[in-house]
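Heads up, the thing below is written out as structure tokens.
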Amino acid sequence: MKTQPPIISRFHKNPILTRKDVPYPVTTVHNAGIVKHNGLYIMLFRSHLENGRSIIGRADSEDGYTFTVHPKPFLIPSTDTVFAEYEAFGVEDLRISPVENEYLLTYSAYSRHGVRIALARTRDFDHVERVGLITQADLRNVVIFPEKFGGRYVRLDRPHSEISPWSIWVSYSPDLVHWGDSRVIMKPMAYHWDEMKIGPGAPPFKTAKGWLHIYHGVFKTMSGTVYRLGAALHDRLDPATIIGVSDRWILQPEDPWEVTGYVPNVVFTCGAVPEDDGTVKIYWGGADTVMCAGTAVIDDLIACCLSDSRPPL
Ligand code: BMA
């Protein structure tokens, strides 16, 4: 049988960013949130320090591929108030959601109490204000929809329990601080490429057919796990309703810097930028070590979700 053509075309000069591009000492550059702000691509990437803890750096680009890293990190563990207690072991995997006139930043905050999600806001990427710690332990991978629904913010999150491992849930908030009305909307599928766990990836973006969400799915093999990317389409008016989930993955580790690195066999996304020409630039960390980019035609991703679909639950 002929294999299907790739949905995502990798940029020919991947990886687009490595630790060698960073002017302060780090051991990795990966899992970056990204957005286009006033025509400039702003990437907020995660780096491991030599003590094994993570911070967030900033890199800017005019074309979405060639990035220049700022001389100083963008976000390091807070030394203030309650955030200091819960960010003490590092900040990781930041996502950027444009909502109304600001950008909401969600990231994993690690401490001796576990991992939880912190939320910050910015309008210009120069001034950042921490808003709150918006989950208990142990949750990671929260993405906020770029629009409010019925006056409320909506997020996808990822609780885990032995009974229902690592699934995607939806929660709502009137004020970004208090979240509730939570329910599960998508689960890993048994004996499938995402059977071990799934988690929110890039903040969803709006298309003519619904909100497109690029998520990650994990498969456990005899020699470790494989992280791949998949696509799900959510209803335009009710994002808790999933219209279709692509049965096949849209990206898997293949390039040497995705297959080998700090954590082998990982492609992990925290950001995608839809363009006016009907394509989307997708960014992913390769093997928790470098940043990579690729493009896809948005209609192709939608087609995967609608015509080659598997049940979300
Ligand atoms: C997940 C997170 C990600 C990481 C991935 C692969 O659990 O820690 O940050 O990219 O594992 O190591």
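What follows draws every value from the coordinates through simple rules; no lab data is involved. The structure displayed is predicted, hence computed values, not measured ones. We place every Cβ from the backbone using ideal geometry, glycine too, and count neighbours over all the protein chains shown.
Here are the numbers:
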| item | result |
| --- | --- |
| Distance (nanometres) between label positions extended 7 Å along Cα→Cβ at residue 222 and residue 51 | 4.1 nm |
| 10 Å Cβ shell holding at most 14 others, DSSP loop, GluC sites (Glu not before Pro): longest site-free stretch of the chain | 163-253 |
| Greater than 19 Å apart at Cα, pairs in 187/281; 36/281; 13/72 | 187/281; 13/72 |
| Sites excluded, trypsin sites (Lys or Arg not before Pro) in DSSP loops with at most 15 other C-beta within 10 Å, longest stretch of the chain | 149-247 |
| Segment residue 102-residue 260, length gained on full extension (0.36 nm per residue, minus Cα span) | 53.2 nm |
| 3J(HN,Hα) from dihedral phi, the stretch 177-193, Karplus parametrisation 6.51/-1.76/1.60, rounded to Hz, x for glycine, proline | 9, 9, 10, x, 6, 6, 7, 7, 10, 7, 10, x, 10, 4, 6, 9, 4 |
| Extension reserve of the residue 237-residue 178 stretch, reckoned as 0.36 nm per residue once the Cα distance is removed | 19.1 nm |
| Estimated inter-spin distance, residue 206 and residue 66, nm [label 7 Å along Cα→Cβ] | 3.4 nm |
| Positive-end residue, the chain charge dipole about Cα centroid, Cβ charges, pick of 119, 198, 172 | 198 |
| Amide H within-cut-off set for residue 169, under 5 Å, with H built and near neighbours excluded | 157, 158, 185 |
| Relative contact order [Cα under 8 Å, 6+ residues apart], the stretch 69-221, whole percent | 14 percent |
| At most 13 other Cβ within 10 Å, DSSP loop - chymotrypsin sites (Phe, Trp or Tyr not before Pro), the stretch 162-234 | 191 |
